[in-house]
Each structure stands twice: as C-alpha cells, then as structure tokens.
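A.B. asks: If you scroll down you'll find the structure; I have some questions about it.
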Amino acid sequence: MSTILECKALTKRYGAKEALGGIDLTLETGRIVGLLGPNGSGKTTLIKLACGLLTPTAGEIRIMGEKPSKTTNAAVSYLPERIALPLWMTAAQAMDFYGDFFADFRRDAAEDMLGKLNMERTQTIRTMSKGTREKLQLILTMSRAAELYLLDEPIGGVDPATRDYILKTILTNYSENSTVLISTHLIADVEQALDEVVFLREGAVMLHESVDAIREEKGKSVDELFREVFAC
Amino acid sequence: MLGKLMKHEFRATGRIALPLCGIMMALSIVAGMVIRFWEGLDGGRRVSGWQGMTGSIIIILYGMSIFAVAIGIFVVLMQHFKRNLLGDEGYLMRMLPASVHELLLSKLFVALLWYLAAGVLIALSVLFVALLSGMVATDELAKLWDMVRRALSGTDAGFWIAWCLGSIGGTALCTLLFYADFALSQTFRKHKVLYNIAGVVIFIVLLRLLFAFNGFLDLRVFGTPHGVGIIGSADGPTEIFVTRDYFVELLELYAFNIGLYFLTWAVLKFRPNLE
C-alpha cells in the first residue's frame, strides 16, 4: 500500500472562522474511508481542498505526492454535494463530456448503469427529478476508473431505497486498488462498507481508526462510537 | 485539451447563439421581400392596413433581431463564463484535467470567434435586405465593391496587421473586463452583485483615464490624427495611415488586456472560492 492523500498541518479559514485547524492525515490506497462528523465539522472543506477547489490558508495537502492540479484531477473522481452537470445536457451528452475529458471513463459501465435504472439517455438533466440527477452524477463519477474517489455526501437527502442503490453502485464500481473517501453523517448506512473512519469535529481529526479495530478494541459499532463521541 | 474545451464551449453557447443568428438571417430575407413588395406596388396605390402592419412588424422584428444577436451573444457568453467557472458547474469544470489557462483561453477564443461570426452575419443580413428589397441593384453592388477594392489597393500587410490587432484587442478588452470583474466579485462572501457593478465602474473609469491620457498625447505630443485608417475617394486612396501613436495605444490596449487576463487567472487559481 502507498499513500494516496496526505495532509500536513492543513488549515483553512473563512474570514475569522476556522474550518480546518492544522490537521495531519494520511490515507493509503485500496481503502474505503468514511469521513464522518456533524454538520460544519470541515468534511466538505477537506474534500474541496483535496480537489483544489479551495486553497489552504496554511499547511499542505498532496494527492499521490502532488499538490492538487490538472495532473491529480486526471486521477481523482469527485462527486460534489450539489449538481454540477450543465442542466441543458442530456444524459448521453454528459457521457460524451466525461468521455472526452477523462481517459479513464468507462462508457460501457455508465451505459449499463443507466440501462438498469431505466434512465432516458435523451432526457435533459433540467427535466430530471432531483434524485435522478444525483444518480446520474454518481453514475458518471463511479464510471471512471480513478485512483481516488472523493464522494461528498453521496447519500444525503435521498430516500432509503436510493441510498441502497448508491452504496451498491459505489461498492461494485470502484477498483480494488483505488481509494474511496465518503463524507457523510449517515453512518449506519455506510458502516458496513467502510474499512476505516476519520472523525472530524470543529475542524480537527478526533479519530482515525480501522473499523475492525473499533469493533474489536472498543466493542462498539462505528455508529455507536460516533453517537458517544458527538453526543450533545 | 484546449481544442476539446473549445468544442464544448461552442456546444454550450451555440445552443442559444445559433438560433438567434438563424432567426436574424430568416427575418432579413423576409424583411427584404416585404420592402420589395411595397416598392413593387403601383405608385398611386397605398399599402393596405394589414399589409403595412405586418410588414412593419417584420421590419421591426428584424431590427430587434440584430440587437438580440449583438447584445444577446455577449450576455450569453458572460453568463456562461460565470455559471461555468464560478457557479455550480465550476465543481465539474475545475475538476477537469485542464489548467486554468486552458479553461480561460478556451472561453476567450470562443467569445472572439462568436463576435466575429455575429459581425459577419449582421453585415450579411443587411446585404440580404439591400439586395432582396431592390434598394441596391447587383450592378451597383459591383461598383461599390470596385470602390472598396481600389480604396484598399494601397494598403500593405502592416496596415492590416495593425487593424486586426486593434480589432481583436478592443473586442478582447470588453470580454476580459467582465471576466476579471466576475472573478474578483466572487471572492467576496456577501454583496457579490454590488461588487460586480462597482468593479465594472472602476474598470471603465480606468479605461477613460487611459483614453484621456492618449488624447492628451495626441494633442500635446504627437499633434497628428491618431489611429489606423484610410482617407480616400472613388478614384482611390489619398491617405492610408497607421500613426506612431496608434502603436502606443495598441501597446497600452494589450497591456491592459494582459493585466485583466492574469488578474482573472490569479483569482481562479489562488482564490477559487467555490465555497
């Protein structure tokens, strides 16, 4: 295993508010990692910094040893928390777009998933329901054979059936050598899929542990531990 | 990568710009035929009420379509820039394996090509109206072309290079000014629209100061007409000029353009602010 993501004293401030306070974090390849924490704990900020969509106030973040750049973009598949696809595009045009720009895009995998969901290839994204848009965006993200998947709240705001579908899609479509970082606060739903978890609280890493270790050493599920740690 | 980005940029902007151009060209043909119909009526006969109203509406619509193409394409391009790089679509665009330079240049080049296409199509539509309506006969057009050809006969490569550089630089300035303004205003967390408007005002004041300085130079230092142009008659050009101060203005124009470009680039690169 090698390091795919590394943060050193990573700090991000929005004005006077500190979103991340000098965190150190290392993620290895081939792991499914849950980035867990309550709202406002810095999960999205950390993912955006990894994508280069934000710049650190201090410290550094590296993907495969490099600062976020167009080179790392080629290896990172990012699912934002909002719909980023141009609404005028059809599903087929969105696939063309991914195919044009990402060398690792697997068109056949995307077509297959669209077919299983009975999604119209000629329907414009604007006319799709919110849930369908989210599914399409996830399908496109997971149809890349990327080295690092950064999934920001992929199951937030969708019904339980869709949640199951999304998790199944993630688990069946990522390659074993790649790393998946899933940010969520719906722990019970993702727990079974995770190899390790990172607990974030007020911009600090409270815990970075393997799921097996939590179960064996603490005798608790991740969900139970989370409720205990973040009890109000 | 630049080619792919330009292809998608054309696709995204063309879905509105192309229909606008198509409507304008269609209306120019109809407007030309309406005018010809009016002209073809007997001298003593008046155009009937409905004929006059329909014809007038078509001609007014044609006039509005020119406006829509000229202004509409600019608005479409600016809105697309804002949504595509600074709005929600930015989460996808900024994750492409493309540098900020490639993203910016693809938009700038496509914008310049759209302005050129719009200019050519507007000129063509006016020509269609003139020819179809019979206002300009084909032989008169040939004479006009001959006059233009003779007027341009004395021009050299330097003249055309200077003219092209001035046209491209001027058009790019308008585009880059708004790019920089959008990029800067999005770095603020609140009142972005207010900063947007303030930014445009500040940039325009800076430009006016630059022009005022140039006017001072023309009057006090060079004492000559400035710019690039042709003074001529039907017999041919009497004077073709590219003045020395025009090159000074070109340098200033391109310095301003480069400044605006790198300002936009720096904001997108170091203060992406997709928060």
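A.B. asks: Under a plain spin-label model, where a point goes 7 Å from the Cα along Cα-to-Cβ, how far apart in nm are A:Arg126 and B:Leu207?
C.D. replies: 3.0
A.B. asks: Still on this structure: Please list the three semi-axes, largest first and in whole Å, of the ellipsoid equivalent to chain A, using sqrt of 5 times the eigenvalues of its alpha carbon gyration tensor.
C.D. replies: One finds semi-axes of 29, 20, 17 Å for chain A.
A.B. asks: Moving on. So how far apart, in nm, are the two label points at A:Ala188 and B:Val248 if each is 7 Å from Cα heading toward Cβ?
C.D. replies: That separation, rounded to one decimal, is 7.7 nm.
A.B. asks: Considering only DSSP beta bridges whose two residues both sit in the protein assembly as shown, what percent are antiparallel, to the nearest 5?
C.D. replies: 60
A.B. asks: Which whole number gives the average, over all residues in B:84-95, of C-beta atoms from other chains lying within 10 Å of the residue C-beta?
C.D. replies: 6
A.B. asks: When A:Lys220, A:Lys130, A:Lys70, B:Lys190 are ordered from fewest to most other Cβ atoms inside 10 Å of their Cβ, what list results?
C.D. replies: Exposure proxy ranking, most exposed first: B:Lys190, A:Lys130, A:Lys220, A:Lys70.
A.B. asks: For a protection proxy built on the mean count of beta-carbon atoms within 10 angstrom, sort A:169-176, A:27-34 highest first, please.
C.D. replies: Descending mean neighbour count gives A:27-34, A:169-176.
A.B. asks: Moving on to the next point. Once phi is turned into ³J(HN,Hα) by the Karplus curve 6.51 cos²θ - 1.76 cosθ + 1.60 with θ = phi - 60°, what whole-Hz value does each residue of the range A:198-208 show in order, with x for glycine and proline?
C.D. replies: 10, 8, 10, 9, 6, x, 10, 7, 8, 7, 9
A.B. asks: So what is the calculated 222 nm ellipticity per residue for chain A, using -39500 (n - 2.57) for each DSSP H run with n of 4 or more, over all residues, to the nearest 500 deg cm²/dmol?
C.D. replies: For chain A, the value works out to -10000 deg cm²/dmol.
A.B. asks: Explain nothing, just compute: Karplus ³J(HN,Hα) = 6.51 cos²θ - 1.76 cosθ + 1.60, θ = phi - 60°, for every residue of the range A:184-191 in order, whole Hz, x for Gly and Pro.
C.D. replies: Residue by residue, the range A:184-191 yields 6, 10, 9, 5, 4, 6, 9, 3 Hz.
A.B. asks: Follow-up question, since we're still on this one. Starting with the fewest neighbours, write out A:Val198, B:Val34, B:Val126 ranked by other beta-carbon atoms found within 10 Å of each beta-carbon.
C.D. replies: Lowest count first: B:Val126, A:Val198, B:Val34.
A.B. asks: For A:Leu54, list long-range residues whose amide hydrogen, built 1.01 Å from N in the peptide plane, is under 5 Å from its own amide hydrogen.
C.D. replies: The list, which skips near neighbours in sequence, is A:Leu49.
A.B. asks: Taking a temperature of 20 °C and a viscosity of 1.002 mPa s, what whole-number D in µm²/s does Stokes-Einstein yield for the protein assembly as shown with Rh from Kirkwood over alpha carbon pairs?
C.D. replies: Answer, rounded: 79 µm²/s.
A.B. asks: In addition: So for the pair B:Ile71, A:Lys116, with labels modelled 7 Å out along Cα→Cβ, what separation do we get in nm?
C.D. replies: About 5.2 nm separates the two model spin labels.
A.B. asks: Right, another one. Dipole size in debye (nearest 20) for chain A around its Cα centre, Lys and Arg Cβ +1, Asp and Glu Cβ -1?
C.D. replies: In debye, rounded to 20, chain A gives about 820.
A.B. asks: On average, how many beta carbons from a partner chain sit within 10 Å of the beta carbon of a residue in A:81-87?
C.D. replies: 5
Readers should treat all values here as calculations from the given coordinates under stated rules, not as data from a laboratory. Because the structure is a prediction, the values reported are computed rather than measured. As a convention, Cβ positions derive from the backbone with ideal geometry for all residues, glycine included, and neighbour counts pool all protein chains shown.
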